[in-house]
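Quick note: the coordinates plus some simple rules give every number you see, no bench work behind them. Computed from a prediction, not measured in an experiment: that's the story for all the values here. We place every Cβ from the backbone using ideal geometry, glycine too, and count neighbours over all the protein chains shown.
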Amino acid sequence: MNELINTFNERKEELLSAIFEHLAISLSALLIAVVIAIPLAILLSQRKKLAEVVLQLTSILQTIPSLALLGLLIPFVGIGTVPALIALVVYALLPIFQNTYIGLAEIDPSIEEAADAFGMSRMRKLLRVELPMAMPVIISGIRTALVLIIGTATLAALIGAGGLGTFILLGIDRNDPSLTLIGAISAALLAIIFSGLIRFLQHRSGKATLIALGVICLGIGGIFFAQHNPVGNETVTIAGKLGSEPDILINMYKEVIQDEDSSINVELKPNFGKTSFLFNAVKSDQIDIYPEFTGTVLESLVKVPKSTADDLSPAATYKEANKLLKDQFEMELIKPMKYENTYALAMKKSEAQKRGITKISDLKAQQAQLKAGFTLEFIDRKDGYRGIQDKYGVNLSSVQSMEPALRYQAINNGDVDVIDAYSTDSEIKQYDLVTLEDDLNLFPPYQGAPLMKQEFADAHPKVVKALNRLAGKITEDQMVEMNYLVNVKKEQPAKVAHDFLVKEKIIGEEQ
């Protein structure tokens, strides 16, 4: 409990910002869904067959898994807030449409006849009789939709839309239950508070409820817009993938840029999502810069000519990656840092020394006695276990697929002997592991470098100059230590980044 309270105190400003993001996305989606679903239900209330078709359609849409829906939307609308809003609106349509339709359909026919007898027009009858009588059922549907939206909106963090999901994902990534609990509890409290608010307003008047929701949506949306659209100096937007290392790097980028030119406003978007999300965000100008790796560019982002050699040196890998990015996407990788965050095989240091294993080829002689825990992706990659089998002839006696965090727990508990790792993971130090030498050079070089559009680089020479201060800096041991400080010692990435830059005299002491 003390750790939870300490984490809350340390991150209350970030939490407040995430709550506003979460509410802005959720309430905006609710408002859009209300504007679509209620008029549509009113229009179809006298057309039963067509209404049934729409009900079936909205029911089918709601059965689509949220992650799948977000993935389907990305090629059409990119990443960020827009696909998150679309997905949330899709999930909110069914309860609002269904309740509005049922509320109108179940009005006593004798009341309808009485209204007609008084000579009421269709519109007057709708506004004075039908909607007031159906309003409790309609508000109930809105309440259900809002709770559903607030819960589902946590997934918006996967595509860079922010919100409380960033705390949940960060907690999972860093194996920090406190962060996960803060995100989950906050989302649950929001759902309870707003559900209770709607319930309270429901007993006053339906019109008051809709007006209150509209005012809340516009108010929170205005605050969110103001926070994310600073007026004045130019803004450079830098995003990072999930994890401590990208978080540290983007804070370094911010500090060196503002040290070069203090008039440049830098906005950071940490834990923005996976590689494809960030790459598409640069393509669509949603962000300007993010840290990428040379090997990832060649493995995942560009089409590599068949004539390209498989065993390029780090310098040649950077040169080829940068050339293909410019040719195919008009993007550029700034000069890379020194360290490589490549794949590696790791063992407990004591176990490796006892068995006399220092390099991957040493595994072959003892492969029948060794158990491995690999991530599912590593098992299936050509530069992973498949490559180890082909290039090294190593076929371990037992290979289990595991989630990234679980494989470290497994090797620490002695359940497995060998795991896959990234060479700068903090867990290497935390669990006293040793990485095995890749003596046949299976794993390609993965040097970190800022990626941006060529057009942006040409228009911002001061930004490029600032980022080049990091070229050739940061050793593998230094990156492991910085990740360790964030993941294990619970230091803030911004502080770790600042301390390194000052220590290495990349920036001045005062920032």
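Can you pull out the trypsin sites (Lys or Arg not before Pro) in region 1-108 whose DSSP state is coil and whose Cβ has at most 12 other Cβ atoms within 10 Å?
For trypsin sites (Lys or Arg not before Pro) across region 1-108 that sit outside H, G, I, E and B with at most 12 neighbouring Cβ atoms in 10 Å, the list reads R47.
In what order do D259, D390 fall by count of nearby beta-carbon atoms within 10 Å, going from fewest to most?
Least to most surrounded, the residues fall as D390, D259.
Please compute the contact order of region 13-168 in relative form: average sequence separation of alpha-carbon pairs under 8 Å and at least six residues apart, divided by the residue count, as a percent.
It comes to 39 percent, rounded to a whole number.
Residue farthest toward the positive end of the dipole of region 2-228, with Cβ of Lys/Arg at +1 and Asp/Glu at -1: which of I32, I168, N6?
Farthest towards the positive end: I32.
In whole Hz and in residue order, list the ³J(HN,Hα) couplings for region 58-64 that follow from phi through the Karplus curve 6.51 cos²θ - 1.76 cosθ + 1.60, θ = phi - 60°; x for Gly and Pro.
Once θ is set to phi - 60°, the couplings for region 58-64 become 5, 5, 5, 4, 6, 7, 5 Hz.
Could you rank the peptides 25-33, 477-485, 407-415 by their average count of other C-beta atoms within 10 Å per residue, with the highest value first?
25-33, 477-485, 407-415
When you count, for each residue, the other Cβ atoms within 10 Å and take the mean per peptide, how do 34-44, 121-131 rank with the highest first?
Descending mean neighbour count gives 34-44, 121-131.
Residue by residue, what Karplus-based ³J(HN,Hα) values in Hz, rounded to whole numbers, does region 373-387 have, using 6.51, -1.76 and 1.60 with θ = phi - 60° and x for Gly and Pro?
Couplings: x, 10, 5, 4, 5, 5, 4, 9, 8, 5, 9, x, 5, 4, x Hz.
Can you tell me, using C-alpha contacts under 8 Å and at least 6 residues apart, the relative contact order of region 50-110 as a whole percent?
So the answer I get is 42 percent.
Among residues other than S401 whose Cβ falls under 14 Å from its Cβ, what is the net charge (Lys/Arg +1, Asp/Glu -1)?
In short, -1.
How large is ³J(HN,Hα) for each residue in region 20-31, as worked out from phi by the Karplus curve 6.51 cos²θ - 1.76 cosθ + 1.60 (θ = phi - 60°), to whole Hz, x for Gly and Pro?
The phi angles translate into 4, 4, 4, 5, 4, 5, 5, 6, 5, 4, 5, 4 Hz.
Would you compute the Debye intensity of region 343-435 from its alpha-carbon atoms alone, equal scatterers and no solvent, and pass along log10 I(q)/I(0) at q = 0.10, 0.11, 0.14, 0.21 Å⁻¹ to two decimals?
Summing over Cα pairs of region 343-435 leads to -0.21, -0.25, -0.42, -1.03.
Suppose every K and R has +1 on its Cβ and every D and E has -1 on its Cβ; what is the size of the dipole of the chain about the Cα centre, in Debye to the nearest 20?
Computed charge dipole of the chain: roughly 1220 debye.
Under a point-charge model restricted to the Cβ atoms of Lys and Arg (+1) and Asp and Glu (-1), what is the dipole moment magnitude of region 2-228 relative to its Cα centre, in debye to the nearest 20?
Dipole size: approximately 600 debye.
In whole angstrom, how long is each semi-axis of the equivalent ellipsoid of region 410-511, when you take the square root of 5 times every eigenvalue of its Cα gyration tensor and sort them from largest down?
Result for region 410-511: semi-axes of 31, 20, 11 Å.
Once amide H atoms are placed 1.01 Å from N in the peptide plane, what residues at a sequence separation of 5 or more from K371, or on another chain, have their amide H within under 5 Å of its amide H?
D417, V418
Please compute the net charge surrounding K283, taking Lys and Arg as +1 and Asp and Glu as -1 over other residues with Cβ under 11 Å from its Cβ.
Combined, the nearby Lys, Arg, Asp and Glu give -1.
Can you list residues from other chains, or at least 5 along the same chain, whose modelled amide H is less than 5 Å from the amide H of K269?
The list, which skips near neighbours in sequence, is I238, A239, G240.
Counting pairs of alpha carbon atoms under 8 Å apart in space and at least six apart in sequence, what relative contact order in percent does the chain give?
Relative contact order comes out at 15 percent.
Which of the listed residues, P75, M482, P450, is farthest toward the dipole's positive end in the chain, when Lys, Arg count +1 and Asp, Glu count -1 at the beta-carbon?
Of the listed residues, the answer is P75.
Return the calculated 222 nm mean residue ellipticity for the chain, to the nearest 500 deg cm²/dmol, obtained by summing -39500 (n - 2.57) across DSSP H runs with n ≥ 4 and dividing by the residue count.
-18000 deg cm²/dmol
Kindly give the semi-axes, whole Å and largest first, of the ellipsoid equivalent to region 2-228, taking each as the square root of 5 times a Cα gyration tensor eigenvalue.
37, 19, 14
Once amide H atoms are placed 1.01 Å from N in the peptide plane, what residues at a sequence separation of 5 or more from K473, or on another chain, have their amide H within under 5 Å of its amide H?
Sorted by chain and number, the residues that satisfy this are K338.
Could you point to the residue in T424, A365, Q400 farthest towards the positive end of region 363-511's charge dipole, with +1 and -1 charges on the Cβ of Lys/Arg and Asp/Glu respectively?
Value computed over the given set: T424.
Taking square-rooted eigenvalues a ≥ b ≥ c of the alpha carbon gyration tensor, is region 153-199 rounded, prolate or oblate, where a/c under 1.5 means rounded and, failing that, a/b exceeding b/c means prolate?
oblate
To the nearest µm²/s, what D does Stokes-Einstein give for the chain at 37 °C and 0.692 mPa s, using the Kirkwood radius over alpha carbon pairs as Rh?
Diffusion coefficient, whole number: 127 µm²/s.
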